[in-house]
Each structure stands twice: as structure tokens, then as C-alpha cells.
1. Got at least one residue in the range 130-141 being modelled with pLDDT of 80 or more, out of contact with any Lys or Arg (no Cβ under 8 Å at 6 or more places or on another chain) and either more than 18 Å from ARG67 (Cβ to Cβ) or part of a helix (DSSP H, G or I) (or both)?
2. Could you say which residue among ARG67, ARG89 is open to solvent by 90 Å² or more (accessible area, probe 1.4 Å) and touching a helix residue (DSSP H, G or I) at 6+ places or on another chain (Cβ under 6 Å)?
3. How about the range 62-80: which of its residues are part of a helix (DSSP H, G or I) and closer than 18 Å to CYS151 by Cα?
4. Hey, can you tell me all the residues within the range 165-197 that are open to solvent by 60 Å² or more (accessible area, probe 1.4 Å), of a type in the set (Lys, Arg) and under 30 Å from the mean Cα position of the chain (by Cα)?
5. Only one of ARG89, ARG67, ARG51 is among the charged types (D, E, K, R) and more than 17 Å from the chain's Cα centre (by Cα). Can you tell me which?
6. Could you check the range 47-64 and list, in sequence order, the residues that are open to solvent by less than 50 Å² (accessible area, probe 1.4 Å), under 23 Å from THR156 (Cα atoms) and of a type in the set (A, V, I, L, M)?
7. Does any residue of the range 30-46 turn out to be surrounded by fewer than 19 Cβ atoms within 10 Å (Cβ to Cβ), more than 15 Å from the chain's Cα centre (by Cα), β-branched (Val, Ile, Thr) and at negative phi?
Amino acid sequence: MCGGLKKKRILFLVVSNLIVLIAAAHLSGGLAAQTSANAAKDQEAQIEKGRIAVGQTCATCHAGILRMAQAQKQNQEQWKDTIYSMIGRGAEILPDEIEPISAFLAATSARKEPANAQATETAGGGRGGRGEQQTAGGDGRAILQRTCQQCHDLPTAQNKLPSEDWTAVIAKMMGYGARLTPTDQQKLTEYLNGLAK
């Protein structure tokens, strides 16, 4: 009789422990899902805050900021580097806006991603700049439309201060991230200089 009672107790303890383990696993799965949902909401809130900050801060100088973000295809860390560079140039971005702005720009960069990444590399879309093959034979106007209009509307892209030289303007834009081969730079300069005549 004593041996049967002992077996029942052991069986009860095994079943009880199994129930506790199953409940703990179920609870932790629910907590993980809750944490994931909260993280997604926090990310959405961060991106929305960044969208507002970009509209208030970045768009004052960069009218085509969304086109530029989609063209740049940078991740959040790369956008932070760009933001710090802009702060160094005088952009009035508050410290608590850096994360949201970089999150928004990274999310915007991720949209309209080409389906074939290899085609992008062939077309010169990688960080190494445009390939000569894509732009070979292109005229200045095509280069202006393809490259400059990623960030500027056409009238703005064709204007400069009277004291500025197009070569210097193009070099400045290259510093901001414009991707042009030396051949493209020459053709674009010739085309823009021809507009003034």
C-alpha cells in the first residue's frame, strides 16, 4: 500500500511539473509576441517622429528629400553619418531627433527597392558610384534628369549663383553624395554652361 502511494505522489509531481513547464512556455511565447508588438509600435512612433522632423528641418534645404532618400538606399547607421555631416554644415537638428530622422530615412530608403539587386549593381546603383557603361553616350540633359533630379526639381537643378562655376557646383554636389563619373561631370558641365548662352 505504501509503495502504491509513493508511485502516485511521484506521478503527481511529474505531471504537476510538466503542467508548470507547459504553462511557462506558453506564457513566455505570449510575452515574446507582446514584446515584439510593442517594439513594432515603438519603431512606428519613432518613424513618425522622424517624418515630422524631416519636414520641419531637412526639407527647408532639400526640397526633394524623399526622392533623395529613395535614391540613396542607405541603412539607419549610414543615415546617421549623413545627419551628423548635415549638423556639421549648420543643420539645426536636435539630439533627440537624430534617431527618429535616421529611422524615417532608412524606412523611406527601403521603399521601392529594385526587385533585382544585381541589376542595380550593374546599373551602378552600389556605393561605388555609377558605372561607365550606363552613362556612356548619355548627353548632359539626360545626366541632369537622371542624377540631379533625384534631389532637385529641374529649374532648381539648372540654377546657380552668378559668382559660382558649374564645375565647383557639381563638385559640391558630389560632396553631398551625387554619383557621377568624370565623363558625366564633364558632359553635365558642358550642358549647363551651354544653357547660359
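1. Within the range 130-141 (the criterion being modelled with pLDDT of 80 or more, out of contact with any Lys or Arg (no Cβ under 8 Å at 6 or more places or on another chain) and either more than 18 Å from ARG67 (Cβ to Cβ) or part of a helix (DSSP H, G or I) (or both)), the answer is yes, since at least one residue qualifies.
2. Sole residue among the options that is open to solvent by 90 Å² or more (accessible area, probe 1.4 Å) and touching a helix residue (DSSP H, G or I) at 6+ places or on another chain (Cβ under 6 Å): ARG67.
3. Selection gives ILE65, LEU66, ARG67, MET68, ALA69, GLN70, ALA71, GLN72, GLN78, TRP79.
4. LYS172
5. Values: ARG67 fails: more than 17 Å from the chain's Cα centre (by Cα); ARG51 fails: more than 17 Å from the chain's Cα centre (by Cα).
Exactly one residue qualifies, and that residue is ARG89.
6. If the condition is that a residue be open to solvent by less than 50 Å² (accessible area, probe 1.4 Å), under 23 Å from THR156 (Cα atoms) and of a type in the set (A, V, I, L, M), then VAL54, ALA59 are the ones that fit.
7. yes
The values are calculated or read from the model by the stated rules, or taken from the named source; none is laboratory data. Here the structure is a predicted model, which means the values were calculated and not measured. FYI the Cβ positions are ideal-geometry reconstructions off the backbone, even for glycines, and counts take in every protein chain you see. Note: accessible area is taken over every heavy atom of the protein model, side chains too, but ligands, DNA and RNA are not part of it. Shrake-Rupley method; radii C 1.70, N 1.55, O 1.52, S 1.80 Å.
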